[in-house]
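The values are calculated or read from the model by the stated rules, or taken from the named source; none is laboratory data. Being a predicted model, the structure only gives us computed values, none of them experimental. All Cβ positions, even for glycine, are placed from backbone atoms using ideal geometry, and neighbour counts span all protein chains on display.
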Amino acid sequence: MYEDILVPTDGSPGTMQAIEHALELAGADSTVHVLSVVDQRVYLAAGGDQQDAVIQALRDDAVDAVEKCAAECKDKCDTTTAVREGVPHRVILEYADEHDVDVVVMGTHGRTGRDKLTSLGSVTERVVENAKRPVLVVHIDE
């Protein structure tokens with residue numbers, strides 16, 4: 001059993017599969033940390049007059065995403081939620097270090113080629129390459 005488990009979420013339906021795996025790793029005394037990162041590259045790319053609306057929409061989506069995951073964990077283990085801003089893989093790694101999590105559990109869609117390039121590469125791949133702790137990668141069924 002792991003004491004501290006980090007599950008990053010982008011709000012996609014597949015995150016629930018990652019939460020299921022995290023809960024399998026969790027014991028009664030475990031804490032699941034659910035983190036959503038507001039990708040600053042998205043709102044910085046928006047036009048100046050649209051940035052405020054874009055960032056607010058991204059923040060709202062992030063809050064909804066962590067609340068949905070936390071509800072899934074209710075009565076199974078302790079849950080901590082966080083919403084941060086920045087470059088997703090960097091923020092995930094920083095959070096993991098700050099909270100000394102035991103394992104990161106995150107999903108991947110297994111995109112390759114052009115699909116991978118259009119999504120600026122895989123956040124999961126970057127976390128796996130740079131993490132100083134175990135990362136459990138859950139293939140997301142679409």
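Before moving on, here are some points about what is shown:
- Among residues of segment 52-68 being at pLDDT 95 or above and touching a helix residue (DSSP H, G or I) at 6+ places or on another chain (Cβ under 9 Å), the one that is nearest to E98 (Cα to Cα) is A65.
Table: residues versus (1) surrounded by 14 or more Cβ atoms within 10 Å (Cβ to Cβ); (2) farther than 20 Å from D100 by Cα.
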position: M1; (1), (2): no, no
position: I19; (1), (2): yes, no
position: E24; (1), (2): no, no
position: V32; (1), (2): yes, no
position: Q50; (1), (2): no, yes
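- Members of segment 51-84 that are touching a residue at least 40 places away in the same chain (Cβ under 8 Å), in contact with an Asp or Glu (Cβ under 8 Å, 6 or more places away or on another chain) and aliphatic (A, V, I, L, M): A65
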